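A.B. asks: Take this structure first; my questions come after.
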Amino acid sequence: MKRSVLTALVLPSAIAVMLSGTALSAQAAPAAPTSAAATATPAEGGADQASTSAPVTDEAPSPTEASSAPVEAAPADPASPSTPAPADEATPADDAAETPATDDAQAQAPGQDEAPAGQAAPETTTGADDVVGIAAATEPGTVTISGDTEVGDLQTAVTEGWPDGTTFTYQWTRDGSLVEGAVAETYVLTRADAGHVVEVAVTGTGPEADDEPTTVTSDRRVAAGVAPTFTSQPGTDLTVVAGQPFSFTWTATGDPTPGVYMTAAPSTLVATLPAEATATEGAGFLTIAGTTTQVGRYSFGVTPLNPVGIGELLVVDLEVVPAPVAGIAVLTTGEYDGDGEYGTASSLDGDSTTLVVSDGETASVGVYFVDEFFNPVSPEGYPAPADSTLVTSSGRGDVVGASEYGAPAVTFHGPGSRSLTVTLAGYTAVVPVEVKATAAVVPAGTDARPVAASGHLAYTGADGTGVLLTLAGGLLSVGTALTVVRLRRRVRL
């Protein structure tokens, strides 16, 4: 009967402890093993029953096993309150309960490398010598740019020394700023690049899966444009001699290579050249060449130009001077009556025009040195001696004297044809003259008669020089005479 009562008392307590221990073990599973063992050991000593899955039967265990648990769990006197077991008696029970609890806690508790709840556990590798892989940068090679540097030229990024199988991406820049859309291996220089620095940045990625990209900027900067400047020029005051070939060249450099052009002179707003001269404009140069026979002064501008800008403007004065003296030219003019009569002659080829005057009229005579192209020669080019001019008329009544301007002058008396012969420095020219008759009234009973004159008038060199200046200022310009002589000469030819 006592055994049955004892069993009845112990069985509900063991079941309660078992259920309680199971719940506590489920809650304490993630905790440290020590906490789990402490939780799993009940004060009533039901750990052995909680750790087995065998059901409790009516048969009690052996006396030793059956009596030890109840004696420790139940009080000696049913009437007295329960007292806890002594410490020395509870130790074996605690040790017995702790061993299975520790093994169970180790099976349920995570290891040291296990991630906290809600996070993925890191992969673990076997072997103490295994090393986690580290991505390596692609071994860089070199990048250069090939291609000419003028606007419109193709630029190519050249890569060398990179690992086989490397893939590339490109980005072209202008003065360090990205050029929009310029992401290919090649690039064509535009006008926007002129005068700026163009580079390419190449990013290479090796063929291995863990290769990291490496970027290299081209080691050659392309100067896509330089403003033009002159590298050589013949000067701004040029002189050529009539009849002699000439050639002048201006050269300039820049990037792109500039053109060199002839432009208008600022003072005249036009560009003038001798009729026989030609201007050849090319890449980096301008050449003016030719052979001219007419003296004169010409003016024009020269400047280089490329897409970067305009270079210096040179204002050039070109003078064509006469060739050496080859003869004399003579201009005779009668009194101006609206007809503009004049006569000319030249010692070069004997060509002449007839002077037509009225009886009693006076004509001035101008003489000057000319080169082979009938260009008048300035006094500094006169030959020596050139100090006297001899003028004679074949008309018996003509009188040779001087005009009010200091030039030789001839007064013609008597109608008819005659000639004037002019000699200077060994050169002689002959001007034909036709004198028209006029009605003359001679008072009756007088002995008046024409004065026969076949004399001549000689002039010094100073007078001869003054004649030229006087004719130019007061009578008829030397240029007019030259024009007439040239025109007649060309018509005859």
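The values are calculated or read from the model by the stated rules, or taken from the named source; none is laboratory data. For clarity, every value in this text was computed on a predicted model and none was experimentally measured. Cβ sites come from the backbone with ideal geometry, for glycine too, and all protein chains shown count toward neighbours.
A.B. asks: Taking strands (runs of 3 or more DSSP E) that do not extend beyond the range 359-407, which have at least 1 residues that are in contact with a His (Cβ under 9 Å, 6 or more places away or on another chain) and at pLDDT 90 or above? Reasoning before the result, please.
C.D. replies: Values: elements: 362-371, 389-393, 399-402.
Because the criterion is at least 1 residues that are in contact with a His (Cβ under 9 Å, 6 or more places away or on another chain) and at pLDDT 90 or above, the strands (runs of 3 or more DSSP E) in the range 359-407 that meet it are 389-393, 399-402.
A.B. asks: Given the criteria hydroxyl-bearing (S, T, Y), more than 30 Å from F373 (Cβ to Cβ), part of a strand (DSSP E or B) and within 22 Å of the chain's Cα centre (by Cα), does T303 qualify? Before you say what the answer is, go through the steps one by one.
C.D. replies: Numbers: hydroxyl-bearing (S, T, Y): yes; more than 30 Å from F373 (Cβ to Cβ): yes; part of a strand (DSSP E or B): yes; within 22 Å of the chain's Cα centre (by Cα): yes.
When the stated conditions are applied, T303 passes them.
A.B. asks: Further, regarding this structure: What residue, among those in the range 207-226 that are more than 28 Å from D175 (Cα to Cα) and in contact with a strand residue (DSSP E or B) (Cβ under 9 Å, 6 or more places away or on another chain), is surrounded by the fewest Cβ atoms within 10 Å (Cβ to Cβ)? Lay out the reasoning, then the answer.
C.D. replies: Step one: list which residues in the range 207-226 are more than 28 Å from D175 (Cα to Cα), which gives 207-211.
From what is left, the residues that are in contact with a strand residue (DSSP E or B) (Cβ under 9 Å, 6 or more places away or on another chain) are 207-208, 210-211.
Details: P207: 11, E208: 12, D210: 9, D211: 19.
Checked the range 207-226; the qualifying residue surrounded by the fewest Cβ atoms within 10 Å (Cβ to Cβ) is D210.
A.B. asks: Right, another one. Select from the range 265-292 the residues that are outside any loop (DSSP other than H, G, I, E, B) and either of a type in the set (S, T, Y) or outside the structural domain of P245 (by TED's automatic domain parsing) (or both) and write down the one among them that is surrounded by the fewest Cβ atoms within 10 Å (Cβ to Cβ). Give the steps one after another, and end with the answer.
C.D. replies: Quick first cut of the range 265-292, residues outside any loop (DSSP other than H, G, I, E, B) only: 278-283, 285-290.
Then drop every residue that is not either of a type in the set (S, T, Y) or outside the structural domain of P245 (by TED's automatic domain parsing) (or both), which leaves 278, 280, 287.
Values: T278: 10, T280: 13, T287: 15.
So the residue we want is T278.
A.B. asks: Of everything in the range 301-332, what is of a type in the set (S, T, Y) and buried (at least 22 other Cβ atoms within 10 Å of the Cβ)? Give them in sequence order.
C.D. replies: Step one: filter the range 301-332 for residues of a type in the set (S, T, Y), giving 303, 332.
Residue satisfying the conditions is T332 alone.
A.B. asks: Further question on the same structure: If G147 satisfies all but one of (1) on the phi < 0 side of the Ramachandran plot; (2) touching a strand residue (DSSP E or B) at 6+ places or on another chain (Cβ under 9 Å), what's the number of the condition it fails?
C.D. replies: If we test G147 against (1) on the phi < 0 side of the Ramachandran plot; (2) touching a strand residue (DSSP E or B) at 6+ places or on another chain (Cβ under 9 Å), just (1) comes out false.
A.B. asks: Right, another one. Kindly check whether there is at least one residue in the range 148-165 that is touching a residue at least 60 places away in the same chain (Cβ under 8 Å), in contact with a Lys or Arg (Cβ under 7 Å, 6 or more places away or on another chain) and within 18 Å of N306 (Cα to Cα).
C.D. replies: yes
A.B. asks: Follow-up. What are the residue pairs meeting all of these: first residue in the range 415-426, first residue outside any strand (DSSP E or B), second residue among the acidic types (D, E), Cβ atoms under 9 Å, and 6 or more apart or on different chains?
C.D. replies: Within 9 Å, the pairs are P415/D359; P415/E434; A425/D387.
A.B. asks: Looking at this structure, is L238 touching a residue at least 60 places away in the same chain (Cβ under 8 Å), among the aliphatic types (A, V, I, L, M) and assigned to a strand (DSSP E or B)? Give the steps one after another, and end with the answer.
C.D. replies: Numbers: touching a residue at least 60 places away in the same chain (Cβ under 8 Å): yes; among the aliphatic types (A, V, I, L, M): yes; assigned to a strand (DSSP E or B): yes.
When the stated conditions are applied, L238 passes them.
A.B. asks: Collect the residues in the range 180-200 that are without any contact (Cβ under 8 Å) to a residue 40 or more places away in the chain and surrounded by fewer than 17 Cβ atoms within 10 Å (Cβ to Cβ), keeping them in residue-number order.
C.D. replies: Going through the range 180-200, the residues without any contact (Cβ under 8 Å) to a residue 40 or more places away in the chain turn out to be 180-188, 190, 192, 196-197.
Hits for the range 180-200 are E180, G181, V183, A184, E185, T186, V188, T190, A192, V197.
A.B. asks: Scan the range 265-293 and report the pairs whose first residue is of a type in the set (D, E, K, R) and whose second residue is assigned to a loop (DSSP other than H, G, I, E, B), with Cβ atoms within less than 9 Å and a gap of 6+ or a chain change.
C.D. replies: Close Cβ pairs (under 9 Å, with a partner that is assigned to a loop (DSSP other than H, G, I, E, B)) amount to E276/T291; E276/T292; E276/T293; E276/Q294.
A.B. asks: Considering every residue within the range 311-320, establish whether at least one is within 28 Å of A425 (Cα to Cα), in contact with a helix residue (DSSP H, G or I) (Cβ under 9 Å, 6 or more places away or on another chain) and in a strand (DSSP E or B).
C.D. replies: We begin by selecting, within the range 311-320, every residue within 28 Å of A425 (Cα to Cα); these are 319-320.
Now restrict to residues that are in contact with a helix residue (DSSP H, G or I) (Cβ under 9 Å, 6 or more places away or on another chain): none.
No, the range 311-320 contains no residue that is within 28 Å of A425 (Cα to Cα), in contact with a helix residue (DSSP H, G or I) (Cβ under 9 Å, 6 or more places away or on another chain) and in a strand (DSSP E or B).
A.B. asks: Could you figure out which of (1) in contact with a Gly (Cβ under 8 Å, 6 or more places away or on another chain); (2) farther than 24 Å from N306 by Cα isn't true of T205?
C.D. replies: Condition not satisfied by T205: (1).
A.B. asks: Determine whether the range 436-446 contains at least one residue that is at pLDDT 90 or above and part of a strand (DSSP E or B). Talk me through it step by step, then tell me what you get.
C.D. replies: Filtering the range 436-446 for residues at pLDDT 90 or above gives 436-437.
From what is left, the residues that are part of a strand (DSSP E or B) are 436.
Yes; the residues of the range 436-446 include at least one that is at pLDDT 90 or above and part of a strand (DSSP E or B).
A.B. asks: Could you tell me which numbered condition G360 fails, if it satisfies all but one of (1) farther than 22 Å from F246 by Cβ; (2) outside the structural domain of S247 (by TED's automatic domain parsing); (3) surrounded by 22 or more Cβ atoms within 10 Å (Cβ to Cβ)?
C.D. replies: Here G360 clears every test but (3).
A.B. asks: Restricting the search to the range 228-285, which residues are charged (D, E, K, R) and touching a Ser or Thr at 6+ places or on another chain (Cβ under 6 Å)? Please lay out each step first, then the result.
C.D. replies: To start, the set of residues in the range 228-285 that are charged (D, E, K, R) comprises 237, 255, 276, 281.
Across the range 228-285, the qualifying residues are D255, E276.
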